């Protein structure tokens, strides 16, 4: 990089101005702390646990007067994460988007090969999903392997659990999947 006289003078001017501002009256750490305080000023705090993996990191959710979340930070007093959040935990703000009415609450269906989404009611969607699972099980269920051993498995369907699902719900999910013969059962925190 060639440093011309004009670039040198600009760089020198910026350096002198920055040093002068910092030396005479601007306390940058105090300004940063005040900006952080203004970000959540007047917001109510709620302490929660991150729902994404089994670590159980603590978080603080700041909400406005309508109860809509405006910021989420790691809890510095929590022994697991001590104020830090991983990328999944930092994106927890998106989970709370439904509180602000930004999350889709209707079933969207796109026909095979289609390009447009259409809204369906839950009364239409649930029997349709159940029918497709039943049809898939009837078509791909394996009772015996190539050696004649009884296996009773379904390899065309998989299940993915989530860290926000409690133990009882996980138990029921696994029991339902095993009853169908599903062998590919995974958990989202391991992916």
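The values are calculated or read from the model by the stated rules, or taken from the named source; none is laboratory data. Because the structure is a prediction, the values reported are computed rather than measured. Here the Cβ is made from the backbone with ideal geometry for all residues, glycine too, and neighbour counts use every protein chain on show.
The residues in region 131-149 that are in a strand (DSSP E or B) and either within 15 Å of residue 178 (Cα to Cα) or outside the structural domain of residue 182 (by TED's automatic domain parsing) (or both) can be counted, and the count is 3. Starting from residues that are at pLDDT 85 or above and more than 22 Å from residue 131 (Cβ to Cβ), keep the ones in region 144-167 and report whichever is surrounded by the most Cβ atoms within 10 Å (Cβ to Cβ). Filtering region 144-167 for residues that are at pLDDT 85 or above and more than 22 Å from residue 131 (Cβ to Cβ), the one surrounded by the most Cβ atoms within 10 Å (Cβ to Cβ) comes out as 151.
Listed here are the residues, each with its yes/no results for (1) modelled with pLDDT under 90; (2) closer than 22 Å to residue 156 by Cβ; (3) surrounded by 15 or more Cβ atoms within 10 Å (Cβ to Cβ).
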| site | (1), (2), (3) |
| --- | --- |
| 77 | no, no, no |
| 96 | yes, no, yes |
| 103 | yes, no, no |
| 116 | no, no, no |
| 124 | no, no, no |
| 131 | no, yes, no |
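Here residue 10 fulfils each of the conditions (1) at pLDDT below 85; (2) at negative phi apart from (1).
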